[in-house]
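The next block holds one structure in the form of structure tokens; read it before the comments.
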């Protein structure tokens, strides 16, 4: 019988069943290893590496599943091939999408969520909320009997309550909170860049199930902001336990939330394992376990899903999407993404502090060739910071016209007739926002050379790249942004405000009082017409100052096996495996 099973769909104990204790039955061997590995899952994860071992384990899987089925109930996990390791699991500390996918999307919940189908904010941990007539007070009423996750190192004594919400936000907002110092001098990135430190006057407990937020000024984006992953609600009881034991770092490696899955084990650059949360307040997931098979190379992710080694592959290359559409064993989920790929130009670095230089760089880059080479023409050319299906998008703004001759002339007018030396930073592995990072960087390098600019391409590991870029160490940076809820401020505040320079997410490092006021004005009223006017004016400044090289608005896509149902790719890059089933 020719039988192939995905290695990631087996627990390490089951996979090792026919490699140990030669004299015992398959079932007995598997059961013995099961008991041992339950004591040290990480050790087992490390053992299942190498091509030769993989072949042995596939054979073992087939043998155990056939011969030992009556004795051992094989689980039905969902294995997802992901693009890289998370920065950690304390999501409030970080701003990368891969970290949100590994923490906020599976382990935690927020007070409110964003209903992508209805395109509006929906209840989550808060059943409902009230807003005062002056727009300064928001009262959230919590869902009763929501339990925090129970695991070996923490057993909660009470359900979710107002104390947990107060702790979650005080930690972000108050530098006197003992948990705040982990953020460093820049503060927590999203809380700082979204202006929450200045916006929120107080967060207070009304009673065990009611929390009141008082604002310093009206803000039309406040509730939508709370759908973002960084606003995940933490257990104050667990935090107190860690603080007393001087184990604060465990909050980043051993997260406790209220979400559908519980983190079981994590091996960096290899695998993340989650169990289903048996006390989850929402609909129980339809899979028994969730496994993230960390696979940085998009081509390898495509190979793995074709071979059945994962049931879902995230961030495929455009060509892999086209190939999958011809493969009957696979399905493709696509959606226009609320994302923008760009090259940030660091305005605090000379000569990039000169707007003429930045404009010349925009003129020098052949984005048509870039889009064809890197995206196989599956994306839309970008002009403004956010996609054109967003309200307030200014269609009157035109992209800088590609012309090496005009770019060289403008560079000479700026005082650099012979060009200058600079660097281009890029990540090593592809993503939905940059399927082929090195190829794109080399195209920019070649185009800049035509106008006398000597650019060195630096390929930097993702975690280090983000860390250094937030400190403003880069010159030119290939980057991308995924919004969370369709609001223009999802781009404006975190990427162009002065607060975001301090937090590090404003990768152009541009702080301008006029632009900052327009961004603030866009949040201060619920009137869409007034907000639109503010954002249109802001887009003109961003374009004229050439803070970015806007690249593309990509299409979000994921590949699934044909026997997978219930998974829909998110235009915001978020993941939801709660309704996914594997036949």
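The values are calculated or read from the model by the stated rules, or taken from the named source; none is laboratory data. Every value quoted in this text rests on a predicted model; they were computed, and no experiment measured them. No Cβ is skipped: glycine too gets one built from the backbone with ideal geometry, and neighbour counts run over all protein chains shown.
Looking at residue 374, is it assigned by TED's automatic domain parsing to the domain that holds residue 345, more than 29 Å from the chain's Cα centre (by Cα), crowded, with 17+ Cβ neighbours inside 10 Å and not in a loop (DSSP other than H, G, I, E, B)?
It is false that residue 374 is assigned by TED's automatic domain parsing to the domain that holds residue 345, more than 29 Å from the chain's Cα centre (by Cα), crowded, with 17+ Cβ neighbours inside 10 Å and not in a loop (DSSP other than H, G, I, E, B).
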Check: Taking residue 338, is it at pLDDT below 95 and either under 30 Å from residue 502 (Cα atoms) or surrounded by 24 or more Cβ atoms within 10 Å (Cβ to Cβ) (or both)?
Finding: yes
Note to self: From the list 486, 480, 430, exactly one residue is in contact (Cβ under 8 Å) with a residue 60 or more places away in the chain and in contact with a helix residue (DSSP H, G or I) (Cβ under 6 Å, 6 or more places away or on another chain). Which is it?
What the structure shows: 430
Note to self: For the stretch 343-355, check the following and say yes or no: at least one residue is assigned to a helix (DSSP H, G or I) and at pLDDT 95 or above.
What the structure shows: yes
Check: Quick one: would you say residue 186 is more than 25 Å from the chain's Cα centre (by Cα) and at pLDDT below 95?
Finding: no
Next item on the list: Run residue 521 past the list (1) more than 18 Å from the chain's Cα centre (by Cα); (2) at pLDDT 95 or above; (3) assigned to a loop (DSSP other than H, G, I, E, B) and report the number of the one that doesn't hold.
Entry: (3)
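Which one is surrounded by the most Cβ atoms within 10 Å (Cβ to Cβ), of the residues in the stretch 447-477 that are touching a strand residue (DSSP E or B) at 6+ places or on another chain (Cβ under 7 Å) and in a helix (DSSP H, G or I)?
The initial filter retains those residues of the stretch 447-477 that are touching a strand residue (DSSP E or B) at 6+ places or on another chain (Cβ under 7 Å), namely 448, 453-460, 465, 469, 474-477.
Okay, now just the ones that are also in a helix (DSSP H, G or I), so 448, 465, 469.
Numbers: 448: 24, 465: 21, 469: 20.
The qualifying residue surrounded by the most Cβ atoms within 10 Å (Cβ to Cβ) is 448.
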Check: Looking at the stretch 379-397, is at least one residue buried (at least 19 other Cβ atoms within 10 Å of the Cβ), modelled with pLDDT under 95, closer than 23 Å to residue 492 by Cα and touching a strand residue (DSSP E or B) at 6+ places or on another chain (Cβ under 6 Å)?
Finding: yes
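Residues checked against (1) farther than 23 Å from residue 502 by Cβ; (2) buried (at least 16 other Cβ atoms within 10 Å of the Cβ); (3) touching a strand residue (DSSP E or B) at 6+ places or on another chain (Cβ under 9 Å); (4) in contact (Cβ under 8 Å) with a residue 60 or more places away in the chain:
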{"site": "512", "(1), (2), (3), (4)": "no, yes, no, no"}
{"site": "530", "(1), (2), (3), (4)": "yes, no, no, no"}
{"site": "543", "(1), (2), (3), (4)": "yes, yes, yes, yes"}
{"site": "549", "(1), (2), (3), (4)": "yes, yes, yes, yes"}
{"site": "559", "(1), (2), (3), (4)": "yes, yes, yes, yes"}
{"site": "571", "(1), (2), (3), (4)": "yes, yes, yes, yes"}
{"site": "574", "(1), (2), (3), (4)": "yes, yes, yes, yes"}
Check: Got at least one residue in the stretch 488-497 being under 19 Å from the mean Cα position of the chain (by Cα) and not in a helix (DSSP H, G or I)?
Finding: yes
Next item on the list: State which residue is surrounded by the fewest Cβ atoms within 10 Å (Cβ to Cβ) when the search covers only the stretch 302-312 and only residues that are farther than 15 Å from residue 78 by Cβ and in contact (Cβ under 8 Å) with a residue 60 or more places away in the chain.
Entry: 307
